[in-house]
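Structure in structure tokens, see below.
The values are calculated or read from the model by the stated rules, or taken from the named source; none is laboratory data. The structure displayed is predicted, hence computed values, not measured ones. Here Cβ is always computed from backbone atoms with ideal geometry, including for glycine, and neighbour counts include all displayed protein chains. We work out accessible area using only protein heavy atoms, side chains counted, and drop any ligands, DNA or RNA first. Shrake-Rupley method; radii C 1.70, N 1.55, O 1.52, S 1.80 Å.
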Amino acid sequence: MRVGVLTGGGDCPGLNAVIRAIVRKGEMHYGDEIVGFLDAWDGVLERRTMPLDVRSLRGMLPKGGTLLGTKRGSPFDHADGPERVVETFEDMGLDGMIVIGGNGSITVACRLFDLCGLPIVGVPKTIDNDIIGTDVTFGFHTAVQIATDAIDRLHTTAEAHDRVIIVEVMGRHAGWIATYAGIAGGATVILVPELPFDIDEVCAILRRRHDRGRYASIVVVSEGAEPKPESFAMPEQQVDQFGHVRLWGIAHVIAPLIEERTGFDTRVVQLGHVQRGGTPGAYDRVLSTRYGLAAIDAVHAKAWGEMVVYREMRIERAPMRLTLGRTRTLDLTMYRDIASVFFG
Ligand code: F6P
């Protein structure tokens, strides 16, 4: 078969490992020809491609980023976009396409399958771990490790100066990274989008800790966390060119409030894109490899409109349609029964 591959949306550690696995099994087991499309859907619209073979993937397993390049945006942003995608499939003789992406890219893939009948299979990726239907996405555990390493370092400097350090982590509207990194890093408080917080309660936890003779605190805040309406008003957030809210900066909003109300010297660290960069951890390399192998198998099973998912330690398939308009938010038992036991 002639199979296209693209990576869409924000990058995450493990993308190259997925591509490597697709190519390895595609070429060696099925005798496929694999074509990589550059810069996500732009490469499909503009027919910018690169051949992918086992040789070209050497050394890519531990590499972060994506050798194909990635972009946000969709063919549906252009009036003739879907039509041009169909033409690319026909003219290039593609028998199938594997789309490796987050909620946005999987939605686009699903629409192209539903509306245009294109033979597409999805692979869920994102550090945010917020895709419905799969227990874990690759990239998540690496991002959690990066955040945890940072928190470990911040503990020592916070203790040296008896400070509160607010650590802002990514995750969009899901508190997975914040909760896992907060538990692993021994945070004093964790703030997640799923549970609006009261700034006075946060200050009370910090004060209680100090009253017990402990000092220096780490507050982990998810970029999408929000205060309860009666707590304080958030400044207006910017929207990007695709209409998504740019979640950035809540740590800077709460730091002065905490300093003012508690009197504790407070600093801010926004981890930002460092959480997406660099080499995937071992867990993500294995998960990416399993996803890649399952994706090329799904192509040969003609499981169009489906994505590969990880459920209870097994790789399975689920309809991409499952994810439409929904995100997988934090399992609140992780927060209520585990994380919060250690607050204060
Ligand atoms: O979805 C992954 C993610 O890293 C989010 O956690 C974050 O909000 C967003 O992407 C940042 O996007 P960009 O790379 O476009 O700034």
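Could you give each residue of region 19-35 its phi-based ³J(HN,Hα) in whole Hz, using Karplus coefficients 6.51, -1.76, 1.60 with θ = phi - 60°, and x for Gly or Pro?
Per residue, the Karplus-derived 3J(HN,Hα) values read 4, 4, 5, 4, 5, 4, 6, x, 6, 7, 9, 9, x, 7, 10, 10, 10 Hz.
Continuing with this model, one more query. What FRET efficiency, computed as 1/(1 + (r/R0)^6) with R0 = 45 Å and r the Cβ-Cβ distance, is obtained for Glu230 and Ala301, rounded to the nearest 0.05? Kindly include the intermediate steps, with their values, before the conclusion.
Numbers: r = 53 Å, r/R0 = 1.18.
It comes to 0.25.
Probe radius 1.4 Å, ligands and nucleic acids left out: which of Leu271, Leu6, Leu61 has the largest accessible area, and how do the rest follow?
On the way: Leu271 25, Leu6 0, Leu61 50 Å².
Solvent-accessible surface, decreasing: Leu61, Leu271, Leu6.
For a paramagnetic label modelled at 7 Å from the Cα of Asp200 toward its Cβ, which residues of region 218-253 fall within the zone defined by backbone nitrogen distances under 15 Å?
Within reach of a label on Asp200: 228-233.
Show that you can apply the helix-only estimate: for the chain, add -39,500 (n - 2.57) for every DSSP H stretch of four or more residues, divide by all residues, and state [θ] at 222 nm to the nearest 500. Write down the numbers at each step before the final one.
Details: 9 runs with 120 residues, N = 344.
So the calculated ellipticity at 222 nm is -11000 deg cm²/dmol.
According to a simple spin-label model (label point 7 Å from Cα along Cα-to-Cβ), what is the distance in nm between Asp77 and Leu61?
3.6 nm
Count neighbours as other Cβ atoms within 10 Å of each site's Cβ, and list the GluC sites (Glu not before Pro) in region 157-242 that are DSSP loop with at most 11 such neighbours.
Values: sites: Glu159, Glu168, Glu194, Glu201, Glu223, Glu230, Glu236; in loops: Glu194, Glu223, Glu230, Glu236.
In loop regions of region 157-242 (DSSP not H, G, I, E or B), the sparsely surrounded GluC sites (Glu not before Pro) are Glu230, Glu236.
Counting only C-alpha contacts under 8 Å and six or more residues apart, can you give the relative contact order of the chain as a whole percent? Don't skip to the answer; put the middle values down first.
Numbers: 769 pairs, mean separation 79.0, N = 344.
After rounding, I find 23 percent.
Tally up the carbon and sulfur contribution to the accessible surface of region 15-130 as a whole percent, 1.4 Å probe, everything protein left in place. Before the final figure, lay out each step's value.
Working: 2130 of 4600 Å².
Here carbon and sulfur together make up 46 percent of the probe-accessible area.
Note down, for region 35-119, the three equivalent ellipsoid semi-axes (square root of 5 times each alpha carbon gyration tensor eigenvalue), biggest first, whole angstrom.
On the way: eigenvalues 104, 44, 26 Å².
Each semi-axis is the square root of five times an eigenvalue, giving 23, 15, 11 Å.
Leaving out ligands, DNA and RNA but keeping every protein chain, what accessible area does Arg317 have, in Å² rounded to the nearest 10, with a 1.4 Å probe?
About 100 Å², ignoring ligands and nucleic acids.
Then there is this: Just the number please: accessible area per residue for the chain, 1.4 Å probe, all protein chains included, in Å².
On the way: 14750 Å² over 344 residues.
Per residue, the chain has 43 Å² of solvent-accessible surface.
Assuming 0.36 nm per residue, please report the length gained on full extension of the stretch Thr156 to Val86 beyond their Cα-Cα distance.
Numbers: separation 70, 0.36 × 70 = 25.20 nm, distance 5.58 nm.
Contour length minus the Cα-Cα distance gives 19.6 nm.
How much of Met97 can a 1.4 Å solvent probe reach, expressed as accessible area in Å² and rounded to 10?
Roughly 0 Å² of Met97 is accessible to a 1.4 Å probe.
Could you order Met60, Met313, Met234 by accessible surface area, starting with the largest, using a probe radius of 1.4 Å? Could you put the intermediate results ahead of the total?
Details: Met60 25, Met313 140, Met234 60 Å².
Accessible-area ranking of Met60, Met313, Met234, largest first: Met313, Met234, Met60.
Carbon and sulfur together cover what percent of the accessible area of region 180-253 at a 1.4 Å probe radius?
Working: 1800 of 3750 Å².
Roughly 48 percent of what the probe reaches on region 180-253 is carbon or sulfur.
Here is a further query. Would you rank Thr88, Thr49, Thr66 by solvent-accessible area, highest first, keeping every protein chain in place and using a 1.4 Å probe?
Result of the area sort, largest leading: Thr49, Thr66, Thr88.
Charges only on Cβ, +1 for Lys and Arg, -1 for Asp and Glu: so what's the dipole of region 35-93 about the Cα centre, in debye to the nearest 20? If you can, show how the numbers build up before the last one.
Values: 8 positive and 10 negative charges, 112 e Å.
Result for region 35-93 is approximately 540 debye, rounded to the nearest 20.
Regarding the chain, what's the average projected area of the Cα-atom convex hull, expressed in nm²? Don't skip to the end; give the middle numbers.
On the way: hull surface 69.5 nm².
So the Cα hull casts an average projection of 17.4 nm².
Working out 0.36 nm times the residue gap between Leu322 and Cys116, then minus their Cα-Cα distance, what length gain in nm do you get to one decimal?
Details: separation 206, 0.36 × 206 = 74.16 nm, distance 1.83 nm.
Full extension of this stretch gives 72.3 nm more.
Given the convex hull over the Cα atoms of region 125-276, what projected area results after averaging over all orientations, in nm²? Before the final figure, lay out each step's value.
Working: hull surface 36.6 nm².
Taking a quarter of the hull surface, the average projection is 9.2 nm².
If you project the alpha carbons of region 190-344 onto their three principal axes, what span does each projection cover, largest first, in Å?
63, 37, 29
Run the paramagnetic zone check for His252: 7 angstrom along Cα to Cβ, then residues of region 203-243 with backbone nitrogen under 14 Å.
What the label zone holds, given the 14 Å backbone N cut-off, is 235-238.
Okay, next question. Just how large is the dipole of the chain about the Cα centre, in debye to the nearest 20, putting +1 at every Lys and Arg Cβ and -1 at every Asp and Glu Cβ? Numbers along the way, then the final one.
Working: 37 positive and 44 negative charges, 174 e Å.
For the chain, the charge dipole is close to 840 debye.
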